[in-house]
Each structure stands twice: as structure tokens, then as C-alpha cells.
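The next block holds one structure in the form of C-alpha cells; read it before the comments.
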Ligand code: NAI
């Protein structure tokens, strides 16, 4: 099914981080942004680009790919400078869709964390958001009424034990969204938000231990069911559009109602013999 196009991003220039493969939320955002008339560059860590899958997306969206490790200020500076040159002006929207925890990857328990890994988790999954916005500000790379979005998860507020140190990274990510949202609002009229998405079957998602059970539980707890990647992409598009100009410094739940549900009938029924 193809999506309706409303030209919501006509004339807007963007940078999209984090499209690894077709399952990636960022991949869907890129497809939808293209359909809505935006021009943008795609970026990912050099190591993630080696698979080459992103080239199919780039071709489809008529976008150039610029390698950048989101923890490197030098890479980010190059990314913003090159993007402005390629796209022919300042940037209107940025999607930060980046998450990685070496502790999760290596199966380290939260109470037996490796602190070098923990630092990496925070640097890649949270500080990179600060670095991205600081670089954009220093280069004066954002247009007024621009929009910056990062993707988060409800483990920032509630405990999901197997989410491990990513929970702490998401709390920091959301806090940076608020703090930098204030700064960019005052100085540039740019809005900054995080979107807290339902569990979604992607490479990053399925790295979490017991993810299948996790995703089914969330689905049964949510009155509307889990929100899919394409619906998350649609929400991101509205956040980049001029229809949401005064929404800023928010953590916005895109989760089918999960975050406000104590328990659902479906879940109760599982416990009633
Ligand atoms: P994904 O695995 O497709 O995307 C994660 C991306 O982060 C990859 O493209 C990866 O290459 C990139 N990345 C890792 N280290 C990097 C670095 N140093 N520099 C630049 N990029 C780097 O998975 P997904 O699910 O699309 O993840 C996107 C975002 O959505 C992440 O922030 C994730 O935490 C968040 N999210 C995912 C949920 C899920 O269940 N899949 C639920 C809620 C939020």
C-alpha cells in the first residue's frame, strides 16, 4: 500500500541518521520524507555503510550518503557542511535514529556492567544527540522553524530489565532533548522533540533479550496495538512539517496507548484461569 502524499515537506532540506536496512525506522522516514517532497542526505557510521544496503535507499530517494560516526565532532562537522553544500542551503529537519549498547550486544547483565561499554552506550545513543545539535548550532546550519527529532523508548521512565544500560541512555537522550530544545528555541526558533516508539522489529530492537515476548506483551497491553515503523515514520513527518511549529521540548509517546495503560483485558485474561 502506498502512502498518501500531502507535500508536507516540499522545499525542506534534511539530514537522516540511522538507516541500516529496510527494517530501520530511519529507512521508512527517508521513504516518506521523499514522498512528501523533501530533499535530504543520509548518514550512518562508516562500518554500517559497508553492507551497502543504504545505496538502494539513496538511489530511490535521490539522496547522497555521507559517512559519519555520530560520536565524532569532526565527522558531524563534515556532515553538516557537506549537507548544506549538496542541498543548497541550511537544514530544516534532522532525524536522530541511533542506538547501540555494547553491554546489550555482549550479554552483560545490568549489575555486572562493563563501564567502558557503558560509556560507549551513552556516547553513541545519547551524547551523539547533543553533539549533533551543538555542531549544527556552531555552524549555524539550521533554518528558523526547523525541527529536530530523536527516537526514544519508554524504558527511559519505567523499568524493563533487559533493556539494560539503554534505559539510562534513553533517559539522558530525552533530557538532552529538553535542555537543547530550550537553547535552540530561544536562539534559532528550532524545535526539538523525542518520539517514544513502541517496540519494533528492527536490528537494534531484536538485539534486546527476549524481544519476541516483549513485543507481544506490549501489543496486548496497547489499546491500539503496537505502532509500526511506517506509522512512526508518518509521525516523524508531521513533526518535521509546519503543522507542528509550536511543539517543542516534549517526549511524545507513539505507542498505541501503552504508556497510559495500567493493564489491559487481554493481559488480565491470561491470568484468569
Ligand atoms: P536500527 O538498528 O535499524 O538503527 C540503529 C542505527 O544506529 C543503525 O543504523 C546503526 O548503524 C546506527 N548507529 C549505531 N552506532 C552509530 C554511530 N556510532 N554513529 C552513527 N550511527 C550509529 O534499529 P531501529 O530500531 O530503527 O533504531 C532506531 C532508533 O529507534 C534507535 O534510537 C532505537 O533505540 C529507537 N527505538 C527502537 C525501538 C525498537 O523496538 N526497535 C523502540 C523505540 C525506540
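The values are calculated or read from the model by the stated rules, or taken from the named source; none is laboratory data. Everything numeric in this text was worked out from a predicted model, so none of it was measured. No Cβ is skipped: glycine too gets one built from the backbone with ideal geometry, and neighbour counts run over all protein chains shown.
Restricting to region 16-31, give me the number of residues that are more than 12 Å from the ligand (Cβ to nearest atom) and touching a strand residue (DSSP E or B) at 6+ places or on another chain (Cβ under 7 Å). Walk me through it before giving the result.
Narrowing region 16-31 to residues more than 12 Å from the ligand (Cβ to nearest atom): 31.
Cutting the leftovers down to touching a strand residue (DSSP E or B) at 6+ places or on another chain (Cβ under 7 Å) gives us none.
Residues in region 16-31 being more than 12 Å from the ligand (Cβ to nearest atom) and touching a strand residue (DSSP E or B) at 6+ places or on another chain (Cβ under 7 Å): 0 in total.
Okay, residues lined up against (1) assigned to a helix (DSSP H, G or I); (2) free of Cβ contacts under 8 Å to residues at least 12 places away in the same chain; (3) touching a helix residue (DSSP H, G or I) at 6+ places or on another chain (Cβ under 6 Å):
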residue: 4; (1), (2), (3): no, yes, no
residue: 16; (1), (2), (3): no, no, yes
residue: 19; (1), (2), (3): no, no, yes
residue: 37; (1), (2), (3): no, no, no
residue: 41; (1), (2), (3): no, no, yes
residue: 59; (1), (2), (3): yes, yes, no
residue: 77; (1), (2), (3): yes, no, yes
residue: 85; (1), (2), (3): yes, yes, no
residue: 95; (1), (2), (3): no, no, yes
- Query: So, of the residues in region 49-78 that are within 19 Å of residue 29 (Cα to Cα) and buried (at least 20 other Cβ atoms within 10 Å of the Cβ), which turns out to be nearest to the ligand (Cβ to nearest atom)?
  - Reply: 70
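Could you check region 100-204 for helices (runs of 4 or more DSSP H) lying wholly inside it with 1 or more residues that are buried (at least 24 other Cβ atoms within 10 Å of the Cβ)? Working first, answer last.
Numbers: elements: 102-105, 115-122, 128-138, 165-188.
Fully inside region 100-204 and qualifying: 115-122, 128-138, 165-188.
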- Message: Looking for something within 13 Å of the ligand (Cβ to nearest atom), buried (at least 20 other Cβ atoms within 10 Å of the Cβ) and closer than 23 Å to residue 130 by Cβ - is there at least one such residue anywhere in region 211-232?
- Response: yes
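Looking at region 237-254, is at least one residue at pLDDT 95 or above and near the ligand (Cβ under 10 Å from one of its atoms)? If you could, list the steps in order and put the result at the bottom.
First, pick out the residues of region 237-254 that are at pLDDT 95 or above: 237-254.
Filter once more, so that each one left must be near the ligand (Cβ under 10 Å from one of its atoms): 254.
Yes.
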- Item | Among residues of region 85-94, those that are more than 14 Å from the ligand (Cβ to nearest atom) and surrounded by 20 or more Cβ atoms within 10 Å (Cβ to Cβ), counted | 4
